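The values are calculated or read from the model by the stated rules, or taken from the named source; none is laboratory data. Only a predicted model underlies this, so the values are computations on that prediction, with no experimental measurement involved. Glycine also receives a Cβ, built like all others from the backbone with ideal geometry; neighbour counts cover every protein chain displayed. Keep in mind that these areas ignore ligands, DNA and RNA; they rest on the heavy atoms of the full protein, side chains included. Shrake-Rupley method; radii C 1.70, N 1.55, O 1.52, S 1.80 Å.
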Amino acid sequence: MNQQPECRTGDVLVIGCGIAGGTAAIKLADAGLKVMVLAHGQNINESNTFYAQGGIIYRGENDSIECLSNDLFHAGAKLNYPAAVRIFAEQGPQLVVDFLVKRIGVEFDRDATGNLECIKEAAHSSARIVHATDITGKAIQSSLGIQLLKHPNIDILSNHTAIDLLTPAHHSLDRLAVYESNSCIGAYALDNENNEVIRCIAKKVVLATGGLGQIFLNTSNPAGARGDGLAMANRSGARIVNSEYIQFHPTTFYHKHAPRFLISEAVRGAGATLINENGEAFMEKYSQKWKDLAPRDVVARSIHTEMIRLSTPNVYLDLSSYISSAKIEKKFPSIFANCIKYGIDIRKTPVPVTPAAHYNCGGVLVDEWGSTTIQNLYVVGEVACTGLHGANRLGSSSLLEGLVWGARAAENIAQSIPGDEIPASNKIPRWQALGHEQPDPVLISQDMDSIRNIMWNYVGLVRTTVRLERAVRELRHLESEIERFYRVSSLTDELIGLRNAIRTASVVTTAAQQNKVSLGCHYRES
Ligand code: SIN
């Protein structure tokens, strides 16, 4: 690989190293390709995957491809793309064993006979979720991180923020490139350590930057989930679909001084029950058949209705009446420890919970191989829309989707990558700094707060025409301010994130405004 500091090259550039990007990178490197991986954090394990608690879909007893497919269609309100559902149900469970267990050595919990222990979660008709207590994502990410760091074919650029995808139609010095079909040959990225922008140039690019929960006031997502990838793909002209389907997790910890960390669905899977301020179990009223294990959109809206009815900022999840203290400590050690930090002992008292933005069921439209409407650009993981989730995602499907499409994108790239030279870097200009003023952190945090409040109040769990129209107008104004701010300032990670957050918020809001039909997690009162 050419290692000039300002221009890095490789066969493939992978942006992001959670389960989707990490799987793609390892499989590509195993196939003998030279892979550059851009990691946002200094620590490459800082990804959405790291924070996933519940688990990953595997294969339950008496389970079948049809049974899993039906559960996906039921949760997704039948808006799911059947071809994606088939691939996922046919290939996913085997990849858990072949890649996660055998190739990278993830240690999932096992039963007394040594088999992978499968548990049940909401809206699953079979106990088919494998896990590593309540830190499954951490177990997967740690194993991925070890393999990524030691692979001789992988060059990791940590603490780098991708700024924009490199598309010759937009960036080439050759002005005639505008007549070629839109293709991607890399990305500009900010090296946060020395504040320099580099060009990363490759034959193929895999975008795997994760989600966007941070554009909402309340979210289960970590700080990096600002919609960076969605915004970059949007600016490059990629087709984006289903962005109105933002899934709100029903149960995140509610405490004035705590971030909204997740109280996994696995807790309800183990028997915990939702109760309101008056101590009444209420889910049967909203879903006679599934009760507390109804699909997430149903549970989240039921909680919302109870909170409004009783004018309370939260409801409660009662574990202690249904699950023994010993089991709580054994199965949910991290949830237990997190709640204790804020004075709630879940072995004795119900835990206060509230819904929060959790997952984008839409994203950059991709085919069965993760390939997009832009040549040589693949998108995998949460930033992609394979169509698997339809209008609402089935719990514990996201890690597996990232695994399946990460692996498939790698397979497709390895088969199709041209043997010839990496695209010529002299056709793409070095980064031209736009402005030089140090960006005011007060403006950045105020703008970010404005985006989060608009999205939470107007584009949240329950939407109306008037709220959505107001959101479109306010975001439009904010975006023109932020764009101006971006152009006069020197680049920082926070400023890049702010620009991406406002673009992503606009994409989500426009999609929500244009879709007049309530379905799954896009719910309109008018
Ligand atoms: C959870 O554990 O409830 C979240 C897992 C997921 O979103 O799939």
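What to note about this one:
- From the list I104, I146, the one residue that fits, being free of Cβ contacts under 8 Å to residues at least 60 places away in the same chain, more than 24 Å from G520 (Cβ to Cβ) and either surrounded by fewer than 22 Cβ atoms within 10 Å (Cβ to Cβ) or touching a Cys at 6+ places or on another chain (Cβ under 9 Å) (or both), is I146.
- Single unsatisfied condition, A410 versus (1) in a loop (DSSP other than H, G, I, E, B); (2) open to solvent by less than 40 Å² (accessible area, probe 1.4 Å); (3) among the hydrophobic types (A, V, I, L, M, F, W, C): (1)
- Counted residues, the stretch 247-282 - those being open to solvent by less than 40 Å² (accessible area, probe 1.4 Å), within 16 Å of the ligand (Cβ to nearest atom) and part of a loop (DSSP other than H, G, I, E, B): 6
- Of the residues making up the stretch 57-76, those that are in contact with a helix residue (DSSP H, G or I) (Cβ under 8 Å, 6 or more places away or on another chain), hydrophobic (A, V, I, L, M, F, W, C) and open to solvent by 10 Å² or more (accessible area, probe 1.4 Å) are I65, F73.
- Only one entry in K285, K289 is part of a loop (DSSP other than H, G, I, E, B) and among the charged types (D, E, K, R), namely K289.
- Subset tally (residues that are closer than 22 Å to G395 by Cα and in a loop (DSSP other than H, G, I, E, B)) for the stretch 298-328: 4
- Qualifying residue in the stretch 159-175 (condition: without any contact (Cβ under 8 Å) to a residue 12 or more places away in the chain and more than 16 Å from the ligand (Cβ to nearest atom)): yes
- Where L116 falls short, out of the listed (1) modelled with pLDDT of 95 or more; (2) open to solvent by 40 Å² or more (accessible area, probe 1.4 Å); (3) within 30 Å of K327 (Cα to Cα): (2)
- Any chance T312 is buried (at least 20 other Cβ atoms within 10 Å of the Cβ), more than 14 Å from the ligand (Cβ to nearest atom) and among the hydroxyl-bearing types (S, T, Y): no
- Strands (runs of 3 or more DSSP E) contained entirely in the stretch 329-393, each with at least 3 residues that are among the aliphatic types (A, V, I, L, M), modelled with pLDDT of 95 or more and within 15 Å of the ligand (Cβ to nearest atom): 351-360
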